[in-house]
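The values are calculated or read from the model by the stated rules, or taken from the named source; none is laboratory data. Everything numeric here is computed off the predicted structure, so don't read it as measured data. Glycine gets a Cβ as well: all are built from the backbone with ideal geometry, and neighbour counts include every protein chain shown. Areas reflect the complete protein model, heavy atoms only, side chains present, ligands, DNA and RNA absent. Shrake-Rupley method; radii C 1.70, N 1.55, O 1.52, S 1.80 Å.
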Amino acid sequence: MAGEPVNVNEFQELARRALPKMYYDFYAGGAEDEHTLRENIRAFSRVSISPRILIDMSQIDLSTSILGHQISAPIMIAPTSYHKLAHPRGEIATAKAAAACKTIMVLSFSSNSSLEEVAASCTAVRFFQLYVFRNREVSAWLVQRAERSGYKAIVVTVDTPKLGRREKDIKNKMIAPQLKNLEGFMSTEVVNDKGSGPEAFANSNFDPSFCWKDIAWLKSITKLPILIKATRAVDVRVDGIIVSNHGARQLDYAPATISVLEEVVQAVGGKLPVFLDGGVRRGTDVFKALALGAQAVLLGRPVIYGLAAKGEDGVKQIIGMLKDELELTLGLAGCSRIKDITRNHVKTEHEGLQSLL
């Protein structure tokens, strides 16, 4: 690819060139046939934008508030594992980019830098992503450390009673790095001669019995807001929902996140903030998600691709590109502020077909 990347998609090729095949496949791959992986991106093309004209667009403001935290645009960093496989500075570089871009970073439990190291590295608002272990003491210990280190929310991943079948990792015999956040508490070494190290660790340690009633236990051990990563609305008292299919790495042929977003938004009826994670590659994607009811989107793979290609600067470029595209989209759609975006600004493919009948 000649010259500098001009959009987020072009960073993926830079990352592919920069990374060993095992690591690139780990980041880029999905479950089984990777149908949902492709669909997460394609589904955005089935939502069209209906612009408004002759509106004063001399001033455009992208800023918004998430759980009381002001950020520069409704674009956050999703939790993704093992950033030091992408760049030597790992999550520290990502966190510094988040701070520079004035946005929120959700730190993965599976980070190569400890949650304390990330907290000490910058002033970014940080949430912490949690898996629930068979040994609940492990999860409670992680939550307590996150509270002490100034994290502002707990993001619970609830779709992993078993790890999805990620065939590229199995073929590559993906090696799971030691988990920095568990040092001194438990061993993360697994004996596995059949394929993926991450799969062996997850299936040995994550609690497959964790269910909705157990959210009460989690609420009992923390005062922090709790967000759930799920593709359905919840009937328990949490503080927000992140509509996510785990980056299409769990159940293949699960629906694309943008295709179920509005259903979740309608089900919660404004009682909880809803966010979208999955498939965002353009500012127009962000706009569509907001019009369908999301408060913000989260970026996963694009952040990793930027980190692999150019370190901290690459992550800043990724977020900057999407912010620039979102600002342009608002201007062309006739919205001067995020709160001006409404459901009437988009039309789904189904609505388009209905209008023809």
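Looking across segment 184-196 at every residue that is surrounded by 18 or more Cβ atoms within 10 Å (Cβ to Cβ) and under 21 Å from Gly30 (Cα atoms), the one that is modelled with the lowest pLDDT is identified as Asn192. Thr222 fulfils the conditions (1) in contact (Cβ under 8 Å) with a residue 60 or more places away in the chain; (2) open to solvent by less than 20 Å² (accessible area, probe 1.4 Å); (3) over 21 Å from the mean Cα position of the chain (by Cα); (4) closer than 29 Å to Arg166 by Cα except for a single criterion, (4). Of all residues assigned to segment 232-246, none qualifies as being more than 13 Å from the chain's Cα centre (by Cα) and among the polar types (S, T, N, Q). Regarding Glu312, is this residue acidic (Asp, Glu), crowded, with 19+ Cβ neighbours inside 10 Å and in contact with a Lys or Arg (Cβ under 6 Å, 6 or more places away or on another chain)? The answer is yes for Glu312.
Find the residue count for segment 24-43, including only residues that are outside any loop (DSSP other than H, G, I, E, B), open to solvent by 30 Å² or more (accessible area, probe 1.4 Å) and acidic (Asp, Glu). Residues meeting the conditions: 1. Val297 fulfils the conditions (1) open to solvent by 10 Å² or more (accessible area, probe 1.4 Å); (2) not in a helix (DSSP H, G or I) except for a single criterion, (1). Only one entry in Arg165, Arg126, Arg148, Arg136 is without any contact (Cβ under 8 Å) to a residue 24 or more places away in the chain and basic (Lys, Arg), namely Arg148. Of the listed requirements (1) assigned to a helix (DSSP H, G or I); (2) open to solvent by 10 Å² or more (accessible area, probe 1.4 Å), Arg281 misses just one: (1).
For the subset of segment 258-273 comprising residues that are in a loop (DSSP other than H, G, I, E, B) and buried (at least 16 other Cβ atoms within 10 Å of the Cβ), which member is modelled with the lowest pLDDT? So, considering only residues that are in a loop (DSSP other than H, G, I, E, B) and buried (at least 16 other Cβ atoms within 10 Å of the Cβ), the one modelled with the lowest pLDDT is Leu272. If you filter segment 1-23 down to residues that are without any contact (Cβ under 8 Å) to a residue 24 or more places away in the chain and not hydrophobic (A, V, I, L, M, F, W, C), you find that the one that is surrounded by the fewest Cβ atoms within 10 Å (Cβ to Cβ) is Gly3. When restricted to residues that are among the acidic types (Asp, Glu) and either surrounded by 24 or more Cβ atoms within 10 Å (Cβ to Cβ) or under 23 Å from Val243 (Cα atoms) (or both), segment 315-329 contains 1. A single member of Leu332, Leu251, Leu276 is buried (at least 24 other Cβ atoms within 10 Å of the Cβ) and either in contact (Cβ under 8 Å) with a residue 60 or more places away in the chain or not in a helix (DSSP H, G or I) (or both), and it is Leu276.
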